[in-house]
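Here is the structure we will look at, set down as structure tokens.
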Amino acid sequence: MRLKFFVHERLSCNPREMRTRKELKEEYKRTAKPMGIFLIRNTANDKVFVAAGVNLAGTINRHRFQLQKGAHPNNQLQLDWNELGESQFAFEIVDELALLTDDPIKQKADLDALTQLWLQKLQPYDDRGYNERKPTRDQMLHQMAERRTDNRS
């Protein structure tokens, strides 16, 4: 009984300071969430997966959840997670971007540029990591030409 009274007393403070659930949700949505780059590090072999998110905490939670449920889109990372277990992996935030604009397109462009810098620095490909190399411009043009040639046949 005493606990209920205490909780009731805490909730019934100055009515002018109380906010509705809707107001609290709106305030949460307006709160700037850190965006940036993080790694999922396999501590057994030091391979890393570089990822980015406009909501860093949410993106990390999504990747962790996908790995725990066996549904991560990176197959090799998922295989190692399943084989070694969660305890052999660490999630590390390596860079955060300050929110300088309300324009989500500019935010995403800044985050993409920062991601490319970290990919260049760490080279997390093949034996060093789980990321896949993006095709070069020439490779994309070659693939496009092959598809167009195949369609004519």
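Coordinate-derived values only; no laboratory data. All of these numbers come straight from a predicted model, not from anything done at the bench. Note: ideal-geometry Cβ built from the backbone for every residue, glycine included; neighbour counts use all protein chains shown.
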Worksheet item: Taking residue 92 and the conditions (1) closer than 16 Å to residue 60 by Cβ; (2) in a helix (DSSP H, G or I), which numbered condition does it fall short on, given that it satisfies the others?
Response: (2)
Worksheet item: Are any residues in region 34-67 loosely packed, with under 14 Cβ neighbours inside 10 Å and either hydrophobic (A, V, I, L, M, F, W, C) or in contact with a helix residue (DSSP H, G or I) (Cβ under 7 Å, 6 or more places away or on another chain) (or both), and if so, which ones?
Response: 43, 44, 57, 65
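Considering only region 21-89, give the helices (runs of 4 or more DSSP H) lying wholly within it that have at least 1 residues that are under 29 Å from residue 105 (Cα atoms) and over 18 Å from the mean Cα position of the chain (by Cα). I'd like the intermediate steps shown before the answer.
Details: elements: 21-30, 56-68, 75-84.
Those helices (runs of 4 or more DSSP H) span 21-30.
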Worksheet item: Only one of these conditions is not met by residue 99: (1) surrounded by fewer than 14 Cβ atoms within 10 Å (Cβ to Cβ); (2) free of Cβ contacts under 8 Å to residues at least 40 places away in the same chain; (3) of a type in the set (A, V, I, L, M, F, W, C). Which number is it?
Response: (2)
Practice prompt. Could you please let me know if residue 126 is surrounded by 11 or more Cβ atoms within 10 Å (Cβ to Cβ) and in contact with a strand residue (DSSP E or B) (Cβ under 6 Å, 6 or more places away or on another chain)?
Written response: no
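Suppose we filter 139, 107 for residues that are in a helix (DSSP H, G or I) and loosely packed, with under 14 Cβ neighbours inside 10 Å; which single one remains? Outline the logic, then answer.
On the way: 107 fails: loosely packed, with under 14 Cβ neighbours inside 10 Å.
Residue meeting the stated conditions: 139.
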